[in-house]
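Comments concern the structure below.
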Amino acid sequence: MTIPAGPPPTGGGDGEQQRLRLLAVTACPTGIAHTYMAAEKLAQAAESRGIDMKVETQGSIGAENVLDDNDVKHADGVIVAADKDVDLSRFAGKRVLTVGVAEGIRHPEQLIERVMSAPVHTPGGAPTAPASGGKERSVGYKALMNGVSYMIPFVVVGGLLIAISLSLGGHTDPSGGLVIPKDSFWMDINNIGVIGFTLMVPILSGYIAYAIGDRPALVPGMVGGWIANTGELYDSKAGAGFIGAIVTGFLAGYLVLWIKKVPVPKFARPIMPIIVIPIVATTALGMFFIYVIGKPISWVFENLTDWLSGMTGTSAILLGAILGLMIAFDMGGPVNKTAFLFGAGLIATGNQTVMGMCAAAIPVMPLGQGLATLIRKRLYTEQERETGLASLFMGCFGISEGAIPFAAARPAQVIPANMLGGAVAGAIAGLAGVEDAVPHGGPIVAVLGAVSGVPMFFVAVVIGSAVTALTTVALVDLAERRRRGEAGLALSVGAREAVLVGARVGATGAGAGTGASGSAGVGGVPKQAGPAESADAAVPGDRADGADTAKEAESADEAEGDGDSGDVLSGYLTEQTVKVRLGAADKEAAIREMAELLGRTGKVVDPEELVATALRREAQGTTGLGEEIAIPHAKTDAVSAPVVGFARSAEGVEWDSPDGTKARLVFMIAVPEAAAGDEHLRILALLSRKLMNAEFRERLLAAPDESAVLGVLREVG
């Protein structure tokens, strides 16, 4: 058996050469598109070289196609293409090459060449170690994202339980804000939520530290986060909040890394990671925060309170803007608490306008960030969009911490947007003289009658939230464009994500589960071939699939013999929606022509809205996939049922495809909003498995008329 150019194969026990066996892990913290792109590219590169490869994907929905102990035992090398923390401890003793996820997309062949000369991973190594020659996310970025991902569930659970208990069990009390009766059922629910919120900050700190220094850093990171959030330990009225937790997380992680480098006697090495390092690091970090960092923090915020007290006679608009900036800066942290306690303290003196300014600013951050996830969904992962819905709910109850996951993940974009919205809300409330009689904020206090000037209070909240949302979207979009430009990725995230996720769903849920290579796997990634499969898969393109081809031909013949109309994709694509020659010369005209084609079915109830929806989707990111393929799609109630069309362009239409090719094969998919989920992915799955096959595309281009085109498309399913 001949092995294509690449790393040398391993020797077998019988003197025969065995196929090289490689493993890979792909992961991206901000979504699933790059995760599956890298997995597909690595699998294809391995197959083209006659190499067995199994790829584990760690997308936003969790790990799939997980590598087990047997896989690792027989692997010759491991490629980790990830932009987030990946635990490498299971690969101890194996050659491990770690790069950014973009390298897995752009240079899969080079990674396969390099992995056999990669260093052997040793037990106790860092979770991910950067490798030269491949651009990847910084250690700091991956550590921060690791902490945020573990923190989000605590924010959501704690915040929602507190909001529910306040809304259903609370009432206004001039002396104590929103009060829940003691020993009541709702107080118990509230206490559970408070526990979730209390754990949120240490979890963030602990898992930042863990991503840098591995398991020995977890305890000092969590304890450091707790200390940072507990102001009483260093004589501060307010703890350092999530910003303090980020600081302690990084300090703990790098402190542990430094301690690991200290030489110790051989007999002490086994107890270093479980006893010595955690104790030394935790004690050192705790004392450092209490005696070195804590005192200045306390001094700063005491003087900040005095400064605010001296401003009560100044312009209400200016004071409201400053309080709004402070409230929005760290969402429950020391700056926020200083402004809040300043406003709450003035209630007893009869001055309720300062608390009114604070109350208007408090819900702006969670409402604004939640609104941003609805305005531009493509900028956020599925997990972030779910967190956005929870954030909206928390905002209604004045829980500003609902925006912390967004601020921790993208501080450079989210915090300025929060502050701008908070300042606007506070200034409007100050101008209108809004008053709040209880030390709490958000729409809930207005609903329960604690606010005077209710209309202007809601005006302030709405405008402030809108400013935060729009500013966030603009800044995040700008940052994403800059990042994509720097990375130079030659792939369309939006369109490729849809096709690759569709392929994954099809491979696992559509029944066949077999890609073009003939080997089943998750996400269209071939599984590691066993001994019985190796011979058949030895030479790419030399597959024992004659029986499958015969079955496909037989099925086509039967369909024609039965006088079938040639329905494809469960009848969504028919001869009615096939066009041999697309007359349009540009993308917009092509989409309009495709919408007219779909209109032949009678399922398009609003053609203009269908076109508008498809064009909005194109504005988010091209649906040109390269290889002369474009799949514009729309999820809209402008269609009454799922419908698919296909048209072929002789000259090609410029579609901004990543490989620069014009689109000659154009599929358009339209599904109602209610059917968008499963049907959209299923259609894309069936299409993508075939469109990745060059021979299939050639036959589709060569088919002389609609009937012949439909005959080829019957193979899709």
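Consider Ile203 carefully, then state whether it is free of Cβ contacts under 8 Å to residues at least 40 places away in the same chain and under 22 Å from Pro366 (Cβ atoms). So Ile203 fails the test.
Residues of region 197-234 that are within 11 Å of Gly294 (Cα to Cα) and open to solvent by 10 Å² or more (accessible area, probe 1.4 Å): Ile227, Asn229, Thr230, Glu232, Leu233. Out of all the residues in region 82-91, is one or more basic (Lys, Arg), under 19 Å from the mean Cα position of the chain (by Cα) and open to solvent by 20 Å² or more (accessible area, probe 1.4 Å)? Scanning region 82-91, I find at least one residue that is basic (Lys, Arg), under 19 Å from the mean Cα position of the chain (by Cα) and open to solvent by 20 Å² or more (accessible area, probe 1.4 Å), so the answer is yes. Taken over region 235-258, the criterion of being open to solvent by less than 60 Å² (accessible area, probe 1.4 Å) and under 14 Å from Lys337 (Cβ atoms) is satisfied by Ser236, Ala238, Gly239, Ala240, Gly241, Phe242, Ile243, Gly244. The residue that is nearest to Gly158 (Cα to Cα), counting only those in region 382-427 that are over 20 Å from the mean Cα position of the chain (by Cα) and β-branched (Val, Ile, Thr), is Ile399. Applying the criterion of being open to solvent by 50 Å² or more (accessible area, probe 1.4 Å) and in a helix (DSSP H, G or I) to the residues of region 66-81, the residue that is modelled with the lowest pLDDT is Asp69. The criterion of being outside any loop (DSSP other than H, G, I, E, B), modelled with pLDDT under 85 and of a type in the set (D, E, K, R) holds for Arg616.
Number of residues in region 355-396 that are open to solvent by less than 50 Å² (accessible area, probe 1.4 Å) and either touching a strand residue (DSSP E or B) at 6+ places or on another chain (Cβ under 9 Å) or outside any helix (DSSP H, G or I) (or both): the value is 10.
When the criteria are applied in full, Ala316 meets the requirement of being surrounded by fewer than 24 Cβ atoms within 10 Å (Cβ to Cβ) and modelled with pLDDT of 70 or more.
Among the residues of region 407-418, those identified as open to solvent by 10 Å² or more (accessible area, probe 1.4 Å) and assigned to a helix (DSSP H, G or I) are Ala409, Pro411, Ala412, Gln413, Ile415, Pro416. In region 692-717, the residue that is modelled with the lowest pLDDT out of those that are open to solvent by 60 Å² or more (accessible area, probe 1.4 Å) and in a loop (DSSP other than H, G, I, E, B) is Met692. Cβ-Cβ distances below 8 Å connect the following pairs, each with a first residue in region 604-625 that is more than 13 Å from Arg592 (Cβ to Cβ), a second residue that is open to solvent by less than 20 Å² (accessible area, probe 1.4 Å) and of a type in the set (Phe, Trp, Tyr), and a separation of six or more residues or different chains: Thr622/Trp655; Thr623/Trp655; Gly624/Trp655.
The values are calculated or read from the model by the stated rules, or taken from the named source; none is laboratory data. This one's a predicted model, so the numbers in the text were calculated from it and none came from an experiment. Backbone-built Cβ (ideal geometry, glycine too); neighbour counts: all protein chains shown. The area values use the complete protein model at the heavy-atom level, side chains included, leaving out ligands, DNA and RNA. Shrake-Rupley method; radii C 1.70, N 1.55, O 1.52, S 1.80 Å.
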